[in-house]
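Structure, as structure tokens:
No value in this document is a laboratory result; all are computed from the given coordinates. Here the structure is a predicted model, which means the values were calculated and not measured. Here the Cβ positions follow ideal geometry from the backbone for every residue, glycine too, while neighbour counts run over all protein chains shown.
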Amino acid sequence: MSTAVANSPTFLTKLRDREEVAERTMAFCFDKPASFKFTPGQFLDVTLLNPRDTDSEGNARSFSIASAPYEDFIMVGPIFFCSVDVLLDKSMGKRLS
């Protein structure tokens, strides 16, 4: 079953920061586009453009939004790295050991 919403807006943004919040668990912070609006409790789909590596699930994942709507960034996480390390760590240029 797909969780995609018809006519969902698409935003292009950049990774601002990432932080290890526990062993093999990361939080990611992205620049927040000016027109990006959300309600607490929502999630978003993150798609990496042209990743060097991927896995059988492709280059997109859904994540809970962990930041508040009034903040100037979008934080997602915590993200536990298991099978998704191929998708996220290599594409961001650094191994998460």
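Some notes on this structure:
- Separation of the residue 49 and residue 10 label points, Cα + 7 Å toward Cβ, nm: 1.0
- Cα-centre dipole for the range 17-88 with unit charges at Cβ (Lys and Arg positive, Asp and Glu negative), debye to 20: 200
- Isotropic mean projected area of the C-alpha convex hull, the range 17-88 (nm²): 5.2
- Computed FRET value (nearest 0.05) for residue 36 with residue 59, which takes r as the C-beta separation and R₀ as 22 Å: 0.60
- With θ taken as phi - 60° and the Karplus curve 6.51 cos²θ - 1.76 cosθ + 1.60 applied, the whole-hertz 3J(HN,Hα) list for the range 63-78 is 9, 6, 7, 9, 8, 8, x, 7, 6, 8, 9, 10, 10, 10, x, x Hz, x standing for glycine and proline.
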